[in-house]
Amino acid sequence: MTDITPYLNRLDILNETALQIIKDFGINGHEIKFSGNKEGAYQELFSQILPIVEKLQKENFRNFYNLMYRIDISESQIKKAVELAADKSFSEIVTDLTLKRELLKVVTRKKLSSK
């Protein structure tokens, strides 16, 4: 997996990641907003995604898995992350995976388009 750390301070990457998140969650009728501020961007998006993941996981598991499929997070990735992060809730782990996967999509697209 690509190290995403260098991209966490790039506003262009963060904005595109937020747009990708807004698109993917919007398809299921969930509204996500991003201020455009790179300081605290991860936490801003995390705090909006977490309650959606919690609600889907508790009330509509089918839509939860549909969203994970759309974002491209497999069940095995979730299981592995849960095993490695026993100190976090399931929803926190999935929210973190979601943010990292969406950022990775943007980074990969940028790398491929520059070649």
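The values are calculated or read from the model by the stated rules, or taken from the named source; none is laboratory data. Because the structure is predicted, anything quoted here is derived from the model rather than measured. Cβ placement follows ideal geometry from the backbone for every residue including glycine, while neighbour counts extend to all protein chains displayed.
Which one of Gln43, Gln20, Gln48, Gln57 is modelled with pLDDT of 90 or more, exposed (fewer than 13 other Cβ atoms within 10 Å of the Cβ) and assigned to a helix (DSSP H, G or I)?
Numbers: Gln20 fails: exposed (fewer than 13 other Cβ atoms within 10 Å of the Cβ); Gln48 fails: exposed (fewer than 13 other Cβ atoms within 10 Å of the Cβ); Gln57 fails: exposed (fewer than 13 other Cβ atoms within 10 Å of the Cβ).
Step by step, each of Gln43, Gln20, Gln48, Gln57 is checked, and only Gln43 is modelled with pLDDT of 90 or more, exposed (fewer than 13 other Cβ atoms within 10 Å of the Cβ) and assigned to a helix (DSSP H, G or I).
How many of the residues in the range 23-39 are part of a helix (DSSP H, G or I) and either more than 16 Å from Pro51 (Cβ to Cβ) or acidic (Asp, Glu) (or both)?
2
Among the residues in the range 81-92, are any under 17 Å from Ile4 (Cα atoms), surrounded by 12 or more Cβ atoms within 10 Å (Cβ to Cβ), among the acidic types (Asp, Glu) and in contact (Cβ under 8 Å) with a residue 12 or more places away in the chain?
No, that holds for no residue.
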